[in-house]
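A quick write-up on the structure given underneath.
The values are calculated or read from the model by the stated rules, or taken from the named source; none is laboratory data. It should be emphasised that the depicted structure is a prediction, and the values quoted were computed from it without experimental measurement. Neighbour counts run over all protein chains shown; Cβ positions are idealised from the backbone, glycine included. Please note that ligands, DNA and RNA were not included when accessible areas were found on the heavy atoms of the full protein model with its side chains. Shrake-Rupley method; radii C 1.70, N 1.55, O 1.52, S 1.80 Å.
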Amino acid sequence: MSDLTLYSMPSSGNSYKVRLLLALLGRDYCHVPCETQSAELKQAKAEGHLPLGKLPALHLGNGTILSESNAILWYLAAGSDWVPNDPLTQAQMLGWMFFEQNRHEPVVAVRASLNTYPHLKDEATPRVMAELLETGHALLQLMEDHMQGRAWFAGASASLADIALYAYTHTAGDRGGFEMARFPALNAWCARMAALPGYVGLWDHA
Ligand SMILES: N[C@@H](CCC(=O)N[C@@H](CS)C(=O)NCC(=O)O)C(=O)O
(Lines give C-alpha, C1' and ligand atoms only; values in the text may rest on other atoms or scores of the structure.)
Protein backbone atom coordinates (compact mmCIF):
# COMPACT_ATOMS: atom_id res chain seq x y z
CA MET A 1 0.00 0.00 0.00
CA SER A 2 1.39 3.38 -1.05
CA ASP A 3 1.74 6.47 1.15
CA LEU A 4 0.51 8.59 -1.75
CA THR A 5 -3.20 9.18 -2.24
CA LEU A 6 -4.32 11.14 -5.27
CA TYR A 7 -7.71 12.80 -5.42
CA SER A 8 -8.25 13.29 -9.12
CA MET A 9 -10.99 13.96 -11.65
CA PRO A 10 -11.00 11.15 -14.24
CA SER A 11 -12.01 13.38 -17.16
CA SER A 12 -9.69 16.30 -16.32
CA GLY A 13 -6.36 17.01 -17.97
CA ASN A 14 -4.99 18.71 -14.83
CA SER A 15 -5.58 15.51 -12.89
CA TYR A 16 -4.40 13.33 -15.78
CA LYS A 17 -1.00 15.08 -15.78
CA VAL A 18 -0.34 13.73 -12.30
CA ARG A 19 -1.63 10.23 -13.09
CA LEU A 20 0.56 10.19 -16.21
CA LEU A 21 3.72 11.23 -14.35
CA LEU A 22 3.09 8.69 -11.58
CA ALA A 23 2.73 5.97 -14.24
CA LEU A 24 5.86 7.09 -16.11
CA LEU A 25 7.80 7.07 -12.82
CA GLY A 26 6.36 3.65 -11.92
CA ARG A 27 5.08 5.02 -8.58
CA ASP A 28 2.24 3.27 -6.77
CA TYR A 29 -0.56 5.38 -5.34
CA CYS A 30 -4.09 5.10 -4.06
CA HIS A 31 -6.55 6.80 -6.35
CA VAL A 32 -9.71 8.53 -5.21
CA PRO A 33 -11.66 9.39 -8.37
CA CYS A 34 -13.94 12.42 -7.98
CA GLU A 35 -15.71 13.18 -11.24
CA THR A 36 -17.23 16.59 -11.86
CA GLN A 37 -20.67 17.09 -10.26
CA SER A 38 -20.30 13.79 -8.34
CA ALA A 39 -21.15 12.91 -4.75
CA GLU A 40 -17.50 11.85 -4.31
CA LEU A 41 -16.29 15.35 -5.22
CA LYS A 42 -18.78 16.95 -2.87
CA GLN A 43 -17.65 14.63 -0.09
CA ALA A 44 -13.93 15.23 -0.74
CA LYS A 45 -14.53 18.98 -0.45
CA ALA A 46 -16.69 18.64 2.65
CA GLU A 47 -14.11 16.44 4.38
CA GLY A 48 -11.27 18.89 3.65
CA HIS A 49 -9.34 16.66 1.26
CA LEU A 50 -9.02 19.48 -1.30
CA PRO A 51 -7.49 22.47 0.54
CA LEU A 52 -7.83 24.78 -2.49
CA GLY A 53 -11.21 23.31 -3.40
CA LYS A 54 -9.88 21.84 -6.65
CA LEU A 55 -8.52 18.61 -8.09
CA PRO A 56 -5.91 17.24 -8.27
CA ALA A 57 -4.74 17.06 -4.64
CA LEU A 58 -1.95 14.74 -3.57
CA HIS A 59 -1.93 13.49 0.02
CA LEU A 60 1.61 12.57 1.05
CA GLY A 61 0.67 10.34 3.96
CA ASN A 62 2.26 12.57 6.62
CA GLY A 63 -0.62 15.04 6.78
CA THR A 64 0.70 17.22 3.99
CA ILE A 65 -1.56 17.84 1.01
CA LEU A 66 -0.22 19.30 -2.24
CA SER A 67 -2.45 21.24 -4.63
CA GLU A 68 -2.00 22.65 -8.15
CA SER A 69 -1.19 20.09 -10.85
CA ASN A 70 2.10 21.60 -12.02
CA ALA A 71 3.40 22.00 -8.45
CA ILE A 72 2.55 18.34 -7.81
CA LEU A 73 4.47 17.37 -10.97
CA TRP A 74 7.46 19.35 -9.71
CA TYR A 75 7.38 17.61 -6.31
CA LEU A 76 7.02 14.11 -7.73
CA ALA A 77 9.70 14.57 -10.40
CA ALA A 78 12.42 15.91 -8.08
CA GLY A 79 15.68 14.11 -8.80
CA SER A 80 14.31 12.31 -11.86
CA ASP A 81 15.05 12.72 -15.57
CA TRP A 82 11.77 14.61 -15.93
CA VAL A 83 13.49 17.77 -14.62
CA PRO A 84 16.48 18.98 -16.64
CA ASN A 85 19.71 19.55 -14.71
CA ASP A 86 20.81 22.92 -16.01
CA PRO A 87 19.07 26.11 -14.82
CA LEU A 88 18.45 27.46 -18.33
CA THR A 89 16.59 24.36 -19.53
CA GLN A 90 14.78 24.23 -16.18
CA ALA A 91 13.64 27.82 -16.68
CA GLN A 92 12.50 27.02 -20.23
CA MET A 93 10.56 24.04 -18.90
CA LEU A 94 8.92 26.18 -16.22
CA GLY A 95 8.15 28.86 -18.83
CA TRP A 96 6.09 26.33 -20.81
CA MET A 97 4.39 25.12 -17.62
CA PHE A 98 3.34 28.69 -16.77
CA PHE A 99 2.20 29.17 -20.36
CA GLU A 100 0.12 26.02 -20.01
CA GLN A 101 -1.69 27.31 -16.91
CA ASN A 102 -1.97 30.97 -17.90
CA ARG A 103 -2.84 30.75 -21.57
CA HIS A 104 -3.36 27.22 -22.91
CA GLU A 105 -5.57 25.65 -20.23
CA PRO A 106 -7.98 28.63 -19.96
CA VAL A 107 -8.68 28.31 -23.69
CA VAL A 108 -8.00 24.78 -24.94
CA ALA A 109 -9.30 23.01 -21.82
CA VAL A 110 -12.18 25.42 -21.32
CA ARG A 111 -13.47 24.89 -24.88
CA ALA A 112 -13.27 21.11 -24.38
CA SER A 113 -15.20 21.43 -21.09
CA LEU A 114 -17.91 23.60 -22.65
CA ASN A 115 -18.15 21.10 -25.50
CA THR A 116 -18.38 17.98 -23.35
CA TYR A 117 -19.86 18.67 -19.89
CA PRO A 118 -23.69 18.90 -20.08
CA HIS A 119 -23.89 21.14 -17.00
CA LEU A 120 -21.86 23.84 -18.84
CA LYS A 121 -24.04 23.79 -21.96
CA ASP A 122 -25.59 27.20 -21.28
CA GLU A 123 -22.16 28.85 -21.18
CA ALA A 124 -21.22 27.42 -24.58
CA THR A 125 -22.74 30.20 -26.66
CA PRO A 126 -21.74 30.37 -30.36
CA ARG A 127 -19.80 33.59 -29.67
CA VAL A 128 -17.80 32.16 -26.76
CA MET A 129 -17.07 28.95 -28.67
CA ALA A 130 -15.92 30.87 -31.77
CA GLU A 131 -13.62 33.12 -29.71
CA LEU A 132 -12.10 30.14 -27.89
CA LEU A 133 -11.60 28.35 -31.22
CA GLU A 134 -9.74 31.28 -32.74
CA THR A 135 -7.56 31.92 -29.68
CA GLY A 136 -6.89 28.20 -29.23
CA HIS A 137 -5.78 27.80 -32.83
CA ALA A 138 -3.38 30.74 -32.37
CA LEU A 139 -1.92 29.16 -29.20
CA LEU A 140 -1.59 25.76 -30.86
CA GLN A 141 0.14 27.45 -33.83
CA LEU A 142 2.59 29.07 -31.44
CA MET A 143 3.37 25.62 -30.02
CA GLU A 144 3.58 24.16 -33.54
CA ASP A 145 6.13 26.84 -34.52
CA HIS A 146 8.21 26.15 -31.41
CA MET A 147 8.28 22.42 -32.19
CA GLN A 148 9.76 22.83 -35.68
CA GLY A 149 12.95 20.73 -35.60
CA ARG A 150 12.46 19.75 -31.94
CA ALA A 151 11.36 16.51 -30.31
CA TRP A 152 10.43 18.00 -26.89
CA PHE A 153 9.35 21.38 -25.54
CA ALA A 154 12.41 22.16 -23.38
CA GLY A 155 15.83 20.65 -23.94
CA ALA A 156 16.80 17.43 -25.66
CA SER A 157 14.62 15.05 -23.70
CA ALA A 158 11.07 14.84 -22.41
CA SER A 159 10.41 17.02 -19.35
CA LEU A 160 7.52 18.14 -17.16
CA ALA A 161 6.72 20.77 -19.81
CA ASP A 162 5.74 17.97 -22.19
CA ILE A 163 3.51 16.29 -19.60
CA ALA A 164 1.82 19.58 -18.66
CA LEU A 165 1.15 20.58 -22.27
CA TYR A 166 0.20 17.09 -23.45
CA ALA A 167 -2.66 16.76 -20.97
CA TYR A 168 -5.07 19.03 -22.83
CA THR A 169 -3.38 19.14 -26.25
CA HIS A 170 -3.82 15.46 -27.08
CA THR A 171 -7.61 15.72 -26.72
CA ALA A 172 -7.92 19.21 -28.22
CA GLY A 173 -9.32 17.79 -31.46
CA ASP A 174 -11.75 15.19 -30.13
CA ARG A 175 -12.98 17.07 -27.09
CA GLY A 176 -12.28 20.70 -27.96
CA GLY A 177 -13.15 20.67 -31.65
CA PHE A 178 -9.79 22.19 -32.68
CA GLU A 179 -8.51 21.39 -36.18
CA MET A 180 -5.45 19.37 -35.23
CA ALA A 181 -4.60 18.46 -38.86
CA ARG A 182 -3.14 21.99 -39.04
CA PHE A 183 -0.43 21.04 -36.52
CA PRO A 184 1.71 18.13 -37.81
CA ALA A 185 4.62 18.78 -35.42
CA LEU A 186 2.25 18.69 -32.45
CA ASN A 187 0.67 15.47 -33.70
CA ALA A 188 4.12 13.87 -34.05
CA TRP A 189 5.01 15.05 -30.53
CA CYS A 190 1.76 13.57 -29.16
CA ALA A 191 2.69 10.25 -30.79
CA ARG A 192 6.14 10.42 -29.13
CA MET A 193 4.47 11.03 -25.76
CA ALA A 194 2.11 8.07 -26.21
CA ALA A 195 5.10 5.82 -27.02
CA LEU A 196 6.95 6.57 -23.75
CA PRO A 197 7.52 3.49 -21.55
CA GLY A 198 4.91 3.39 -18.80
CA TYR A 199 2.53 5.73 -20.64
CA VAL A 200 -1.13 5.61 -19.61
CA GLY A 201 -4.02 7.28 -21.40
CA LEU A 202 -6.54 9.70 -19.94
CA TRP A 203 -9.04 6.94 -19.18
CA ASP A 204 -6.52 4.29 -18.03
CA HIS A 205 -6.91 4.61 -14.29
CA ALA A 206 -8.12 2.56 -11.40
N1 LIG B 1 -4.73 25.31 -11.61
C2 LIG B 1 -5.32 24.14 -11.03
C3 LIG B 1 -6.71 23.96 -11.65
C4 LIG B 1 -7.50 22.91 -10.90
C5 LIG B 1 -8.92 22.82 -11.41
O6 LIG B 1 -9.49 23.81 -11.92
N7 LIG B 1 -9.50 21.64 -11.24
C8 LIG B 1 -10.87 21.43 -11.68
C9 LIG B 1 -10.90 20.26 -12.67
S10 LIG B 1 -9.85 20.62 -14.07
C11 LIG B 1 -11.74 21.09 -10.51
O12 LIG B 1 -11.28 20.71 -9.44
N13 LIG B 1 -13.06 21.21 -10.68
C14 LIG B 1 -14.02 20.81 -9.67
C15 LIG B 1 -14.71 21.97 -9.05
O16 LIG B 1 -14.37 23.11 -9.34
O17 LIG B 1 -15.61 21.72 -8.26
C18 LIG B 1 -4.44 22.91 -11.28
O19 LIG B 1 -3.71 22.91 -12.27
O20 LIG B 1 -4.45 21.99 -10.46
State to the nearest 20 debye the size of the charge dipole of the chain about its Cα centre, where the only charges are +1 on K and R beta carbons and -1 on D and E beta carbons. 120 debye
On a full-extension model of 0.36 nm per residue, what is the gain between residue 182 and residue 39, subtracting their alpha-carbon distance, rounded to one decimal in nm? 47.5 nm
At a threshold of 8 angstrom on Cα-Cα distance, excluding pairs fewer than six apart, so keeping six or more, what relative contact order does the chain reach in percent? 25 percent
Go through segment 129-139 residue by residue and turn each phi into a ³J(HN,Hα) via Karplus (6.51, -1.76, 1.60, θ = phi - 60°); whole Hz please, and just put x for glycine and proline. 5, 5, 5, 5, 5, 5, 5, x, 4, 5, 5
Hey, can you rank 72-82, 122-132, 95-105, 13-23 by average C-beta count inside 10 Å, highest first? 13-23, 95-105, 72-82, 122-132
Would you work out if segment 87-194 is rounded, prolate or oblate? Take a ≥ b ≥ c from the square roots of the eigenvalues of the alpha-carbon gyration tensor; rounded if a/c is under 1.5, else prolate when a/b is larger than b/c, oblate otherwise. prolate
Rolling a 1.4 angstrom probe over the protein heavy atoms, how many square angstrom per residue are accessible across the chain? 49 Å²
Using a 7 Å offset from the Cα along the Cα-to-Cβ direction at both residue 2 and residue 117, what is the distance between the two label points in nm, to one decimal? 2.4 nm
Considering the options 57, 142, 180, tell which one lies farthest towards the positive end of the dipole of the chain, charges being +1 on Lys and Arg and -1 on Asp and Glu at the Cβ, about the Cα centre. 180
Under the rule of at least 5 residues apart or a separate chain, name every residue whose amide H is placed under 5 Å from the amide H of residue 8. 32, 34
With a Cα-only, solvent-free Debye model of the chain, what are the log10 I(q)/I(0) values at q = 0.07 Å⁻¹? -0.20
Whole-Hz Karplus couplings 3J(HN,Hα) for segment 78-91, θ = phi - 60° and coefficients 6.51, -1.76, 1.60, Gly and Pro as x, run 3, x, 9, 6, 6, 10, x, 7, 8, x, 5, 5, 4, 5
